[in-house]
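Everything below concerns the one structure shown next.
No value in this document is a laboratory result; all are computed from the given coordinates. Note that the structure is predicted; figures quoted are calculated from it, not measured. Neighbour counts are summed over all protein chains in view; Cβ atoms, including those assigned to glycine, are modelled from backbone coordinates with ideal geometry.
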Amino acid sequence: MISIVIPCFNEEQVIAKTFSRLQTIFQSSKETAEVIFVNDGSSDRTSEILWSFPQSSQLRVVPVEFSRNFGHSAAVLAGLHAAQGDSVAIIDADLQDPPELLLPMLEKLQSGYDIVYGKRVQRKAETLFKRATAWLFYRLLRFLTDVDIPADAGDFRIMTREVADVLKREINEQDPFLRGLVAWVGFRQFPFEYSRDPRADGETKYTFRKMVRFAMTGVLGFSNTPLYFGVYLSFISFAVAILSIFYFIYLKFNAFTVPGWVSIMIVVAFYGAFQFLFFGITGAYIARINKQVTNRPLFVIRKSKP
Ligand code: UDP
Ligand code: MG
């Protein structure tokens, strides 16, 4: 059985379509599925609609209702916890990720992978702004972090029971960045290329503010590099301070200048340098504390002999 986790937030316009497409897929397949709709505190008719979906032996419907809107990552995690299948898929409710790909992705998974993730090669009808910010965000994140987070991969993916269990067990952090964590967990991953469709109906639930928060979650969760910037800035300030000393000596002997300003420059640059340096050192300790409280395991074992 495959578990399909679908986070839904105010998706009344689209979820019936999503469900009927899943029905069509699994009617003609020998694979059985459970569809876990996690209703993330929708204020429209989403709840009513999803409780009305018919149950069948091919396709079981499992509604999970949040008490309020807790956000996309929380909804996906709740779905992972509810999932019982031998493999677990995550897919958006809005049909941007074609559900027809689930079975080919499952096949790929069974051919010897632990995670098969959707890699977007084309994003139809997404605004230039969205594509540009997404492009920039993934490059920046990859630059800042050691974890190999694939660019242009969303949450559309399918994983084995084993990987789902590791994620369930190891994600203890507040504000988890799922895309990063799935990359971090390792295992044998396969990028499954597909072209992302436009939203079938309704509007994006990711407002600009939510996008910024999402980007911050990614950077804060996967990089301590910004905390060390102070150290680099201190190097620049030290260089300025030392060059100023030479300039001071040169002026003293070779030219007339307003007395005092170069010596003040030297003092200011040295003070600046020391301040940046100590910010950087404090940052290094904060980075350590951050690692400790995030409490990720030091390793994940794929296989061993009992
Ligand atoms: N979603 C959610 N909670 C939220 C925001 C979004 O569960 O607070 C769901 C939403 O219903 C959809 C998925 O997350 O299934 C992706 O959202 P959306 O399609 O609006 O984002 P976009 O594709 O525009 O990035
Ligand atoms: Mg979408």
- Message: Taking the criterion of being touching a strand residue (DSSP E or B) at 6+ places or on another chain (Cβ under 8 Å) and surrounded by 20 or more Cβ atoms within 10 Å (Cβ to Cβ), would at least one residue in segment 172-180 satisfy it?
- Response: yes
Residue set Gly221, Gly230; condition under 20 Å from Pro7 (Cβ atoms), more than 16 Å from ligand 2 (Cβ to nearest atom), crowded, with 18+ Cβ neighbours inside 10 Å and of a type outside the set (A, V, I, L, M); output residue Gly221
Of the listed residues (Ala93, Ala83, Ala89, Ala78), the one being surrounded by 19 or more Cβ atoms within 10 Å (Cβ to Cβ) and away from ligand 1 (no atom under 15 Å from the Cβ) is Ala83
Of Leu109, Leu103, the only residue that is surrounded by fewer than 21 Cβ atoms within 10 Å (Cβ to Cβ) and either farther than 18 Å from Asp175 by Cα or within 16 Å of ligand 2 (Cβ to nearest atom) (or both) is Leu103
Looking across segment 124-172 at residues that are among the basic types (Lys, Arg) and within 25 Å of Ser111 (Cα to Cα), the single one that is nearest to ligand 2 (Cβ to nearest atom) is Arg157
Of the candidates Ile49, Ile2, the one satisfying the condition of being surrounded by 15 or more Cβ atoms within 10 Å (Cβ to Cβ) and closer than 18 Å to Ile158 by Cα is Ile2
Quick check, is Glu11 in contact (Cβ under 8 Å) with a residue 12 or more places away in the chain, part of a loop (DSSP other than H, G, I, E, B) and buried (at least 22 other Cβ atoms within 10 Å of the Cβ)? yes
